[in-house]
Amino acid sequence: MGKISAKVFDLKGEEVSQLNLPQIFNTSSRPDVIKRAVVTIQSHRFQPQGRDPMAGKRNTAESRGTGLGISRMPRLKARGQRAAFAPGTVGGRSAHPPEAEKKIKKKLPKKEMHLALRSAVAATGSKEAVSSRGHMVDDIPDFPLVVVDEIQSLKKTKDIEEALINLGVWADIFRVKESRKVRAGKGKMRGRKMKQAVGPLLVITKNEGVAEAARNLPGVDVVSVENLNAELLAPGTHPGRLTVWTNSAFEKVETFFGGK
């Protein structure tokens, strides 16, 4: 028999009450569906591109054939017989260019996306799933981790830092700090020089300053409960992100994402 209630902690890390565990946390684990959902969401950020089908072909170049002691490259009829049209020639076409007709946006049935979200939410309540992603969970008092709504009104980074220390989450943020490094390869020259791990997710119902207070903490994301998606809950397609739920968000998650 699984858990039927969740503990609610205050900003000092002390238990103040309990809540009934929403039915969504009993959803079965479906990492295959979660992966498809995350990849679908990521595909919607790709920039469609293509090439003009006639690029490099607007000339009268044609091959002279054999027997002239020259290569069979297509050549212009102008003086000098410069090669044109073929890939590798000046102003020639590209060999294998991107095609505008290619479908790069993936689609997923609504019911499947809904199942992926429910399964990803359920994974946040499993200590084994969160630990397997690499999060530091030794000091976390309970799963799922629920905190009072007062955390939403914190406006200073030092205040939310103190609250996360009391809740046992700070060890995971320290892990993210230690993971920060220069990216290998050419990506470092393309606006993404640094690379770091993913940290905790704070789910709220109303931003009263906490989003601005937490944005300087490495790896921490703040999201409203109605804006949750599979990618936020399962970065890199791996479910079990360390998630801190506010009291009100925890009560509303079944309202937004309940049902089959």
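What follows draws every value from the coordinates through simple rules; no lab data is involved. Note that the coordinates shown come from a computational prediction; the quantities given were computed from them, not determined experimentally. Cβ: placed from backbone, ideal geometry, glycine included. Neighbour counts: every protein chain shown.
Within the range 178-260, all pairs of alpha-carbon atoms sorted by distance into 5 Å bins from zero give the percentages 3, 13, 20, 21, 18, 11, 7, 5, 3, 0. The order of ASP159, ASP138, going from fewest to most other C-beta atoms within 10 Å of their C-beta, is ASP138, ASP159. Only DSSP H runs of four or more residues enter the estimate; each adds -39500 (n - 2.57), and after division by the residues of the chain the mean residue ellipticity at 222 nm equals -8000 deg cm²/dmol.
In the elastic network of the chain, a GNM with C-alpha springs shorter than 10 Å, the most mobile of ALA84, ALA100, ALA213 is ALA84.
Axis angle, to the nearest 10 degrees, between helix 170-179 and the longest C-alpha principal axis of the chain: 20 degrees. What is the range 65-106's relative contact order, in percent, from Cα pairs under 8 angstrom and six or more apart in sequence? Relative contact order comes out at 19 percent.
Rank these for me by crowding, LYS177, LYS110, going from fewest to most other beta carbons within 10 Å. Result, fewest neighbours first: LYS110, LYS177. The alpha carbon centroids of the range 208-259 and the range 148-164 are separated by 15 Å. Going by neighbour counts of Cβ atoms within 10 Å, the residues ARG241, ARG175, ARG72 line up, fewest first, as ARG72, ARG175, ARG241. Computed over the chain, the quotient of the alpha carbon radius of gyration and 2.2 N^0.38 Å is 1.48. Suppose a student asked you for the relative contact order of the chain, using Cα pairs under 8 Å spaced at least 6 residues apart; what percent would you report? For the chain, the relative contact order is 24 percent. Computed over the chain with a Gaussian network model linking Cα atoms closer than 10 Å, the most mobile of GLY240, GLY209, GLY191 is GLY191.
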